[in-house]
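Presented below is the structure to which this report refers.
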Amino acid sequence: MISEGDRIGIVKGEASFTTYEFSVDPKADISFGEFVVTKNRVGEWVLGTVRNIKNVNWLLSSAKSNFNSLLLDVEDYGESIHENEEVVATVRILGKVNGGELAPNRVPVKNGESVYKASDDILKQLYEPNGASIEVGTLLLRENVPIKLDVNELVSRHFAVLAVTGAGKSNAVAVMIKGLVEDIGGTVVVLDPHGDYVNLKLPETGNSLVNIIEGKIKVDELDSEELADLLEVRSTASIQREFLARAWETIQHENKELGGALLLEELEKTLREWITKRMIKYWDEKKQRYVTEELKSDRIETIRGIIFRIRRFLRNYGAFVTSENLVAAIRPGMVNVIDLGPLDELQMKVIVGKFLQEVFEARVEYEKARKNYMRTGDREYEKIMDEIRQKYPALAYPILIIVEEAHIFAPQGEENDAARIMGRIAREGRKFGVGLGVVSQRPSKLNEDILSQMNTKIILRIVNPRDQEYVLRASEQLSKDLMDDIAGLGKGEAVIVGQAIKVPALVKIYNFKELEGKAGRGEYGGEDIGVVDRWAEMKSEGIDYTVDF
């Protein structure tokens with residue numbers, strides 16, 4: 001596997017069980033990030049990565065600091081000056097090689113040991129997961145070494161995809177979806193705020209395994225506080241919220257068969273009747289009876305304000321109000337894209353909070369019933385499982401939910417229903433087969449508790465120092481030197497760390513649009529508008545858009 005002819009250097013200077021330096025053979029080709037092996041003091045092979053490379057010329061070093069003296073030396077020595085150059089590489093030891101695994105190295109390397117490039121075979125073994133996996137790219141410096149992620153660890157222990165805009169987040173997510181759906185047969189849901197995946201076409205199956213779900217608002221099951229948020233009634237407008245709560249509970253009590261926009265229209269009708277009659281009659285859920293009160297004159301404008309918000313909401317978003325159940329629309333074994341693009345952020349948060357809550361509760365109920373049925377054989381538990389299967393076919397099995405622009409739904413320092421349920425899934429989802437993937441271009445704006453529980457991180461280029469520091473603080477597996485690499489990554493290049501990969505790696509993520517299969521190349525949205533092309537199109541049309549005044 002390793003021969004003397006493969007030697008690229010010799011260990012020199014101070015060495016420990018974590019780092020060492022070696023003098024590079026002048027004929028060898030060595031790059032930053034390269035994988036190398038040498039032996040420790042007890043003869044065990046240890047694997048490391050090159051973290052620094054420097055070029056030293058001993059004739060021109062130290063005291064030779066004056067430009068003129070250096071110029072004279074260069075002229076005197078001529079071509080022979082290069083014979084005194086040395087390339088010195090610094091290596092960070094990753095561990096000792098033990099078959100296809102890495103074990104902690106506790107013994108320093110010694111001076112004089114030969115250093116070799118790690119073979120592709122060693123690296124292939126090292127990066128081969130123990131269980132089912134998806135292939136997402138290749139080692140950045142070794143295109144013959146595929147990088148695969150352990151699916152059980154990726155999904156059950158959650159993951160994050162982080163990068164600046166344009167670095168390749170959507171491409172990385174699409175590559176993962178291809179593997180999870182086409183190769184593994186998993187069920188994936190993508191919460192898509194910007195319509196990046198509405199044109200998704202998988203390389204092998206085209207759009208036959210893609211289920212686009214319009215992100216509509218089911219108002220029927222909202223409580224009054226959630227409805228107030230949806231209508232953008234300020235949280236400090238306590239009187240408006242109180243009147244809205246009374247009217248909403250009354251409407252829900254009286255119209256159990258009604259749903260969608262019709263329910264909101266009934267709400268508006270009731271509020272108008274209160275103003276006309278100068279009397280409010282509402283259903284008190286706690287007392288289980290109707291209560292009638294006189295409507296004071298100074299409260300009429302308060303109710304008119306609620307009516308205005310209902311009308312505005314129906315005007316702007318009435319087409320997106322439904323009585324249908326989004327969760328029931330999920331199809332098993334497919335990628336289900338929930339298109340939230342037409343909505344604003346506040347509506348998105350309300351929808352996502354309710355959606356995630358319903359998914360998680362159904363999965364919890366199913367898995368508890370399944371466990372109890374297997375333990376006792378009680379048919380009541382089987383009945384619960386059958387009911388869930390009939391209502392939510394996809395939720396009889398594990399599910400992965402990918403939240404694009406996750407900082408919108410779970411921002412740092414803000415409490416909302418979407419953030420709360422995302423936090424609960426992050427903590428407990430693995431016990432009930434609910435995986436969570438968060439995607440963000442501004443990780444420092446994302447809830448730190450949620451980010452810290454994403455146990456695999458796929459980090460593309462991040463240049464903002466605040467974002468870098470935030471990600472480092474939230475990532476136990478991410479070392480400072482790997483974080484330093486991230487700012488220098490190119491488009492589609494990533495650092496992957498965490499439980500879904502055995503050893504942290506610099507990876508070239510596959511280009512999803514170049515992945516070919518039976519259906520041809522993969523497709524998805526997510527691109528920026530081609531400004532120059534669109535302007536050229538406008539110009540070619542020859543239309544005079546000028547206006548005479």
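The values are calculated or read from the model by the stated rules, or taken from the named source; none is laboratory data. Keep in mind the model is a prediction, meaning the values are calculated, not measured. Here Cβ is always computed from backbone atoms with ideal geometry, including for glycine, and neighbour counts include all displayed protein chains.
Scanning region 183-235 for residues that are over 28 Å from Leu262 (Cα atoms) and hydroxyl-bearing (Ser, Thr, Tyr) yields Thr187, Tyr197, Thr205, Ser208. Within region 289-310, the set of residues being surrounded by 13 or more Cβ atoms within 10 Å (Cβ to Cβ) and in contact with a strand residue (DSSP E or B) (Cβ under 7 Å, 6 or more places away or on another chain) comprises Leu295 only.
Lys286 meets each of the listed conditions (1) surrounded by fewer than 13 Cβ atoms within 10 Å (Cβ to Cβ); (2) assigned to a loop (DSSP other than H, G, I, E, B); (3) under 41 Å from the mean Cα position of the chain (by Cα) apart from (3).
Residues that are exposed (fewer than 15 other Cβ atoms within 10 Å of the Cβ) and part of a loop (DSSP other than H, G, I, E, B) were ranked within region 107-127; the one that is modelled with the lowest pLDDT is Lys110.
Checking the stated criteria, Ile177 turns out not to satisfy the condition of being outside the structural domain of Tyr524 (by TED's automatic domain parsing), at pLDDT 95 or above and either not in a loop (DSSP other than H, G, I, E, B) or not charged (D, E, K, R) (or both). Going residue by residue through region 162-173, is there one that turns out to be among the charged types (D, E, K, R) and crowded, with 18+ Cβ neighbours inside 10 Å? Yes, because at least one residue in region 162-173 is among the charged types (D, E, K, R) and crowded, with 18+ Cβ neighbours inside 10 Å. Looking across region 424-465, the residues that are of a type in the set (A, V, I, L, M), assigned to a loop (DSSP other than H, G, I, E, B) and more than 19 Å from Val155 (Cα to Cα) come down to Leu460, Ile462, Val463.
Only residues that are not in a loop (DSSP other than H, G, I, E, B) and not β-branched (Val, Ile, Thr) were counted in region 164-174, giving 5. Residue-level check: of (1) among the acidic types (Asp, Glu); (2) at pLDDT below 75; (3) assigned to a loop (DSSP other than H, G, I, E, B), Glu414 misses just (2). Select, from Leu244, Leu230, the only residue that is at pLDDT 90 or above, crowded, with 20+ Cβ neighbours inside 10 Å and among the aliphatic types (A, V, I, L, M). When all the criteria are applied, what remains is Leu244. Condition (residue is modelled with pLDDT of 95 or more and in a helix (DSSP H, G or I)) applied to region 338-352: is it met by at least one residue? Looking through region 338-352, none of the residues is modelled with pLDDT of 95 or more and in a helix (DSSP H, G or I). Within region 213-256, being touching a Phe, Trp or Tyr at 6+ places or on another chain (Cβ under 6 Å) and either touching a residue at least 40 places away in the same chain (Cβ under 8 Å) or over 30 Å from Ile401 (Cα atoms) (or both) holds for Lys216, Ile217, Leu231, Arg246, Glu249, Thr250, His253. Annotation note: of Gly437, Gly433, the sole residue that is crowded, with 18+ Cβ neighbours inside 10 Å, touching a residue at least 12 places away in the same chain (Cβ under 8 Å) and more than 14 Å from the chain's Cα centre (by Cα) is Gly433. Cβ-Cβ contacts under 8 Å between residues 6 or more apart (or on different chains), taken from a first residue in region 326-349 that is surrounded by fewer than 20 Cβ atoms within 10 Å (Cβ to Cβ) to a second residue that is assigned to a loop (DSSP other than H, G, I, E, B) and among the acidic types (Asp, Glu), are listed as Leu346/Glu232.
Among residues that are over 21 Å from Ser133 (Cβ atoms) and either surrounded by 24 or more Cβ atoms within 10 Å (Cβ to Cβ) or not β-branched (Val, Ile, Thr) (or both), Lys178 is not included.
Looking at (1) at pLDDT 70 or above; (2) surrounded by 10 or more Cβ atoms within 10 Å (Cβ to Cβ); (3) on the phi > 0 side of the Ramachandran plot, which is the one condition that is false for Ala536? In the conditions (1) at pLDDT 70 or above; (2) surrounded by 10 or more Cβ atoms within 10 Å (Cβ to Cβ); (3) on the phi > 0 side of the Ramachandran plot, Ala536 misses (3) alone. Determine whether Pro398 is at pLDDT 95 or above and touching a strand residue (DSSP E or B) at 6+ places or on another chain (Cβ under 8 Å). Considered against the rule, which asks whether it is at pLDDT 95 or above and touching a strand residue (DSSP E or B) at 6+ places or on another chain (Cβ under 8 Å), Pro398 comes out as yes.
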